């Protein structure tokens, strides 16, 4: 039940944030949605190795994740920290060097 709620929340967040692009296309691509959800799910695991594997498999860079991914209404670093996944949070935050300390200090 929690997993379904999590996936629904991630999807709704993506839909809300992509409103301008929804005017141009009818919906978010199912493949992209699955990739983003898999990144959000692995952020909770606190495993740098799993996170690297998912990022490589999806083709999404750490910089893109740190700048724009929203999981359950939170940026990727805050989301990982909310699950005490400090390894994941630090790995993502380090990719966005200008705001590294800002991303880590949000909690």
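Odds and ends about this structure:
- Test for residue 45: is it closer than 18 Å to residue 82 by Cα, modelled with pLDDT of 60 or more and not in a helix (DSSP H, G or I): yes
- Hits in the stretch 88-99 (condition: crowded, with 21+ Cβ neighbours inside 10 Å and out of contact with any helix residue (DSSP H, G or I) (no Cβ under 6 Å at 6 or more places or on another chain)): none
- Residues in the stretch 41-76 that are under 13 Å from residue 95 (Cα atoms), surrounded by 15 or more Cβ atoms within 10 Å (Cβ to Cβ) and without any contact (Cβ under 8 Å) to a residue 24 or more places away in the chain: 55, 64.
- Residue check for residue 85: more than 12 Å from the chain's Cα centre (by Cα), buried (at least 18 other Cβ atoms within 10 Å of the Cβ) and modelled with pLDDT of 90 or more: yes
- Residues in the stretch 68-88 that are closer than 13 Å to residue 39 by Cβ and in a helix (DSSP H, G or I): 68, 76, 77, 79, 80, 88.
- Contacts under 6 angstrom Cβ, first residue in the stretch 13-40 being on the phi > 0 side of the Ramachandran plot and loosely packed, with under 10 Cβ neighbours inside 10 Å, partner in a helix (DSSP H, G or I) and at pLDDT 55 or above, 6 or more apart: none
The values are calculated or read from the model by the stated rules, or taken from the named source; none is laboratory data. Everything quoted here is computed from the prediction, not taken from an experiment. In this analysis, Cβ positions are derived from the backbone assuming ideal geometry, glycine residues included, and neighbour counts consider all displayed protein chains.
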